[in-house]
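The block underneath contains the structure these notes are about, expressed in structure tokens.
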Number of protein chains: 2
Amino acid sequence: MNKFWSETVKRTKPYVPGEQLNDPNIIKLNTNENPYGPSPQVSEAIHSEMKRTLHLYPAPDADELCNEISRYYHVSKDTIFIGNGSDEILAFSFMAFFEPHNQICFPAITYSFYPVYAKLFNIPYDEIALNRDFTIPAEDFFGAEGGVVIANPNSPTGLYLDVAVIEDIVMNNPENVVIIDEAYIDFAPDSAVSLVTKYPNLLVVRTMSKSRSLAGLRVGFAIGDPGLIEGLKRIKDSFNSYTVDRLAIAGSSAAIRDEDYFQETIQKIINTRERLIPEMKKRGFHVLPSQANFIFVSHYKISAESLYQRLKQQGILVRHFDKPDIEHYLRITVGSDEQMKHFLEVLDNVILHIKESAVKN
Amino acid sequence: MNKFWSETVKRTKPYVPGEQLNDPNIIKLNTNENPYGPSPQVSEAIHSEMKRTLHLYPAPDADELCNEISRYYHVSKDTIFIGNGSDEILAFSFMAFFEPHNQICFPAITYSFYPVYAKLFNIPYDEIALNRDFTIPAEDFFGAEGGVVIANPNSPTGLYLDVAVIEDIVMNNPENVVIIDEAYIDFAPDSAVSLVTKYPNLLVVRTMSKSRSLAGLRVGFAIGDPGLIEGLKRIKDSFNSYTVDRLAIAGSSAAIRDEDYFQETIQKIINTRERLIPEMKKRGFHVLPSQANFIFVSHYKISAESLYQRLKQQGILVRHFDKPDIEHYLRITVGSDEQMKHFLEVLDNVILHIKESAVKN
């Protein structure tokens, strides 16, 4: 504790991101990155941008990317906000739409950054318990006091809520902003973007880090009613005029233009996921039905903590959350087929080793 | 006004950045960008980073850049904070060190983002009047209630405060954080970084946008006591874990490594500035003694507003602030010699034209 810290700093409980080890030999299955690099058109676009204008400020509203998103999602430009990753957009949204005197709500098991934002901005929150199968009890989110945040598909569970259910939640919160965090939606059936023109209180937040394979570039976007977007822009322009740099704008715009590459890599990851799930079940895991680029699994006999540790020793990072409700689970990113083949081999050895030690003791 | 806006949005008065026209034929002398591109090593570094790892998240604390800054400024790594431009660092600093019940102070004429942050975070502020020659009355900043922010050199005036005076202000605010915004310090005699180890309440904020010619890449850094840096990190990690992307980290690190290029381009700009000042005086301008990469000038006869408009019509953008105290002044970025030669030619024509119209009317 430092004597110059504000009350704001004192009440923060910073988010702890998944480990970022710099060892290229490690297989990272812990932060849901995309195993395929971005479209080759991304580096071409960055290369040509870089040659010209790094000494000039970027366009404050990232117009080029805004145009691509407008075209791709068939929405008007005044419904689009561009940010430095979806995390920045979520932070701005908490400032723009929530109040220190109105309790917001989100699922008790979800992206663990939501309570961090709430603490930072002093916003009270209610963590709504999930059903026993980890599904979200939609009715419990109706008529919230101060706002709603739902990740769809949810993380770390990977479970997906149908758009009709999302619509129910939005409809039943006419006085609140409902934020749907669709970080993983491109691996799932359907987005809530189609609802945006119908509901002035819906904000859909997206990232380029997962399906577009640009975690290293820091780009996210939100689609919502122009009134909400204007609120976000006012916050952004009171905070940092240019949060997305020239190379990020050029690269992410190119990523959206290359539809073939996008569809191809998404489909590959979904196929790998669908092959991985039965393999995990065969090995004694309970596997939630994921619609994301990760699976959430629990072994019937072996503790998640010891699996996490042993896998790490063998050069494979998965995510284990040290949280009572989910301490028996691991979240494992769906990598490439080769990565998952290697992962399963290592996993077999780890399980065998643990069973043998158990027999010996 | 939108019914879903928070009180925070309602009280914002967003910053209006200098115009960013996308016409490459326009000579931009309005946002103090560097006319020379960044070091050629920057694009090499970006190029090699891009090939490898855009699909992976960046290092949350931008370690590579931290190492370069530590080496360059002879400070330990725990005194360094990296941000998405100095604007983001200033925003985080207002959250980390200032309170809604303690009035902070900054000069009445300075970077116009300071009151914007204060409004955003609901922090009361006192705008301390400058002396009539636009110099900063240092004693008026002693014993501030809640914190101090000073740009050195100041913008838009370009005036520089000696480090001994900065030290006086820091020493006379033992209970407050004093932020010295050194966006333009590389064009001036001396930085306050040398004071950081002596004063736990001093935070020096820097940008790579001006002297390092990387406005398009969004990188800034702060140097201060480890206690202050930890406060900033707690805010950042409660807001957005990765605000500086992989290409920005790689590029800005390379820019710091290329010391020769840095010194050469800085010196060129200073030389151009020193040649420009007498030329402006010859043409009937009052010119403040600038230690930045811009000059602040006022014509004895012609209004700043009309000069701004006429120059813009001729394809030259300079900055005019529509603010009572400085409405008679223009801030003009020091570009390359060729740009300034062209600027002076256009200026001569503009002045001639205005004088001729005056005679006719």
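The C-alpha atoms of chain B define a longest principal axis, and helix B:226-236 lies at about 80 degrees to it.
The DSSP beta bridges internal to the protein assembly as shown are antiparallel in roughly 50% of cases.
In chain B, Cα pairs under 8 Å separated by at least six residues give a relative contact order of 23 percent. Annotation note: chymotrypsin sites (Phe, Trp or Tyr not before Pro) in segment B:1-107 located in DSSP loop regions with a Cβ neighbour count of at most 16 within 10 Å are B:Tyr36.
Just tell me the longest site-free run in chain A, where the sites are trypsin sites (Lys or Arg not before Pro) in a DSSP loop having at most 16 other beta-carbon atoms within 10 Å.
On the way: sites that count: A:Lys3, A:Arg132, A:Lys198, A:Arg283, A:Lys301.
Longest stretch, sites excluded: A:4-131.
Helix B:246-257 axis versus longest C-alpha principal axis of chain B: approximately 70°, rounded to the nearest ten. Among B:Gly158, B:Gly227, B:Gly147, the largest mean-square fluctuation in a Gaussian network model of chain B, built with springs joining Cα atoms closer than 10 Å, belongs to B:Gly227. Between A:Leu344 and A:Arg71, what FRET efficiency follows from the Cβ-Cβ distance if R0 is 51 Å, with the result rounded to 0.05? Rounded to the nearest 0.05, the efficiency is 0.80.
Starting from the Cα gyration tensor of segment A:3-60, take the square roots of the eigenvalues, sort them a ≥ b ≥ c, and report rounded, prolate or oblate (rounded when a/c is under 1.5, otherwise prolate if a/b is larger than b/c, else oblate). It comes out oblate by the Cα gyration axes. Check each of the GluC sites (Glu not before Pro) in segment B:318-361 and keep only those in coil by DSSP with at most 15 other C-beta atoms within 10 angstrom; list them in order. Hits after loop and neighbour filter: B:Glu327.
Once you reduce segment A:195-246 and segment A:298-361 to the center of their Cα atoms, the two points are 36 Å from each other. For segment B:40-257, what is the percent of antiparallel DSSP beta bridges, rounded to the nearest 5? In segment B:40-257, DSSP labels about 40 percent of beta bridges as antiparallel. Springs between Cα atoms under 10 Å define the GNM used for chain A, and in it the highest mean-square fluctuation of A:Leu90, A:Leu217, A:Leu203 occurs at A:Leu217. Over chain B, dividing the summed -39,500 (n - 2.57) contributions of all DSSP H runs of at least 4 residues by the number of residues returns a 222 nm mean residue ellipticity of -12500 deg cm²/dmol.
The angle separating the long axis of helix A:304-313 from the principal Cα axis of greatest extent in chain A is about 90 degrees. For peptide B:44-54, the mean count of partner chain Cβ atoms within 10 Å of a residue's Cβ comes to 4. For the residues A:Ala144, A:Ala59, A:Ala96, a GNM of chain A with alpha-carbon springs under 10 Å puts the largest fluctuation on A:Ala59.
Could you let me know the centre-to-centre spacing of segment A:105-123 and segment A:60-94, using Cα atoms, in angstrom? Each part's Cα centre sits 22 Å from the other's. Placing a label point 7 Å from the Cα of A:Glu175 along the Cα-to-Cβ direction, the residues of segment B:7-21 whose backbone N falls under 20 Å from that point are B:7-10.
Here, each number is a calculation from the coordinates, and none is a lab measurement. The model shown is predicted, which means the values in this text are computed figures rather than measured ones. Neighbour counts run over all protein chains shown; Cβ positions are idealised from the backbone, glycine included.
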